[in-house]
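Following: one structure in structure tokens, then a few remarks.
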Amino acid sequence: MKRFLNLVLIVFLIFALVNNQEAQAYINPGSGSYIFQTIIGSILAIFALFKKFFVSLLGVFKSKKQAEADGEQDE
């Protein structure tokens, strides 16, 4: 199976290199802001994911007394 996937990859790369005609494509002026928003949103989502992971990891290592004290302070 791995050999077949390598063969498909090689054929695809050869085809991509041989077929080098111009794209004749038009990029909408609003596409730049859309791409920028997508990149910023992705970065913020990754930060939120790491924060959630870090907080849950800290919750595992907190002692029971500290967790109860933090619960009382939040209220």
(message) For the structure I just gave you, tell me whether Leu17 is in a helix (DSSP H, G or I) and at pLDDT below 90.
(response) yes
(message) Just to be sure before I move on: is Phe4 loosely packed, with under 10 Cβ neighbours inside 10 Å and among the aromatic types (Phe, Trp, Tyr) in the structure I sent?
(response) yes
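The values are calculated or read from the model by the stated rules, or taken from the named source; none is laboratory data. Please read all numbers here as calculations on a predicted model, not as lab measurements. Methodologically, a virtual Cβ is constructed for each residue, glycine included, from the backbone with ideal geometry; neighbour enumeration extends over all protein chains shown.
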